[in-house]
1. Here are some residues: 122, 130, 175. Which one is modelled with pLDDT of 95 or more, over 24 Å from residue 60 (Cβ atoms) and within 15 Å of the ligand (Cβ to nearest atom)?
2. Do you know which of the residues in segment 68-119 that are of a type in the set (Asp, Glu) and either assigned to a helix (DSSP H, G or I) or exposed (fewer than 15 other Cβ atoms within 10 Å of the Cβ) (or both) is nearest to the ligand (Cβ to nearest atom)?
3. Looking at segment 140-151, which of its residues are more than 15 Å from residue 122 (Cβ to Cβ) and either in contact with a His (Cβ under 8 Å, 6 or more places away or on another chain) or touching a residue at least 60 places away in the same chain (Cβ under 8 Å) (or both)?
4. Name every residue in segment 23-67 that is within 16 Å of the ligand (Cβ to nearest atom), among the basic types (Lys, Arg) and closer than 25 Å to residue 167 by Cβ, in order of residue number.
5. What are the pairs with Cβ atoms under 9 angstrom where one residue, in segment 43-66, is touching a residue at least 24 places away in the same chain (Cβ under 8 Å) and assigned to a helix (DSSP H, G or I) and the other, located anywhere, is of a type in the set (Phe, Trp, Tyr) and surrounded by 15 or more Cβ atoms within 10 Å (Cβ to Cβ)? Sequence gap at least six, or different chains.
6. Can you work out which of the residues in segment 1-22 that are modelled with pLDDT of 95 or more and of a type outside the set (A, V, I, L, M, F, W, C) is farthest from residue 163 (Cα to Cα)?
7. What tally of residues in segment 137-148 results from selecting those that are in a loop (DSSP other than H, G, I, E, B) and buried (at least 17 other Cβ atoms within 10 Å of the Cβ)?
8. Sort out which residues of segment 149-179 are part of a loop (DSSP other than H, G, I, E, B), over 20 Å from residue 89 (Cα atoms) and of a type in the set (A, V, I, L, M, F, W, C), and write them in order of number.
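The values are calculated or read from the model by the stated rules, or taken from the named source; none is laboratory data. Keep in mind the model is a prediction, meaning the values are calculated, not measured. Note that each Cβ is placed from the backbone with ideal geometry, even for glycine, and that neighbours are counted across all protein chains shown.
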Amino acid sequence: MATTTRTRDGYVLWFTGLSGAGKSTIAGIVAAQLRSVGAPLEVLDGDEVRTHLSAGLGFGKADRDTNVRRIGWVAGLLSRHGVGVITAAISPYADVRGEARAMATNFVEVFVDAPLEEVRRRDVKGLYARADRGEIPNFTGVSDPYEPPAAPEVHLYTDRETPEESAGRVMAYLRQRGLVT
Ligand code: ADP
């Protein structure tokens, strides 16, 4: 008897936002929830990518663009083969996020939005204080631009939502799109 198999569509959950906005925190919760339902998943964390895939790249526009293009390319390959991918890099430039979108199967842009005053107040890693002292050149939000997404699939407000609420909204979007059951 003939059988048909249909693999589930992959997708790219592309978190973008300022340093300290909550990308890694929310991505971690979403990843745990996706793993608990047994969905195939890869996480391309911004810091890990810079250690491996993009070792040696800096934070000027050209190097940032190269970093984001590499993430987009790998995410595109994986998503094309039915894997769910989570990326959590600042990815400050709208045009290069657009390139990543074009390479992906089911690109879901998640804008992790927090006002600059809020991420400065959190200053999780002390980076804003160091940037203010001029110790970190090209620091997004301080001495480098951040271009917010014009039409993200999911817009999270981490100054008004708990990380669990934000993660729940991402999961709800994936279910609504039929990307996760
Ligand atoms: P990013 O990956 O965007 O640089 P992180 O997730 O590393 O940011 O850090 C965000 C920090 O903000 C964490 O310390 C987290 O506990 C805190 N935080 C406070 N409120 C929220 C929220 N609603 N969503 C996400 N993170 C939050």
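1. Numbers: 130 fails: over 24 Å from residue 60 (Cβ atoms); 175 fails: within 15 Å of the ligand (Cβ to nearest atom).
Being modelled with pLDDT of 95 or more, over 24 Å from residue 60 (Cβ atoms) and within 15 Å of the ligand (Cβ to nearest atom) holds for just one of 122, 130, 175, which is 122.
2. First, the residues of segment 68-119 that are of a type in the set (Asp, Glu): 95, 99, 109, 113, 117-118.
Those still in the list that are either assigned to a helix (DSSP H, G or I) or exposed (fewer than 15 other Cβ atoms within 10 Å of the Cβ) (or both) too: 95, 99, 117-118.
Working: 95: 21, 99: 21, 117: 13, 118: 8 Å.
The qualifying residue nearest to the ligand (Cβ to nearest atom) is 118.
3. Passing the criteria: 144, 146, 149.
4. Scanning segment 23-67 gives 23, 50.
5. 46/15; 61/93; 64/93; 65/93
6. 10
7. 4
8. If the condition is that a residue be part of a loop (DSSP other than H, G, I, E, B), over 20 Å from residue 89 (Cα atoms) and of a type in the set (A, V, I, L, M, F, W, C), then 179 is the only one that fits.
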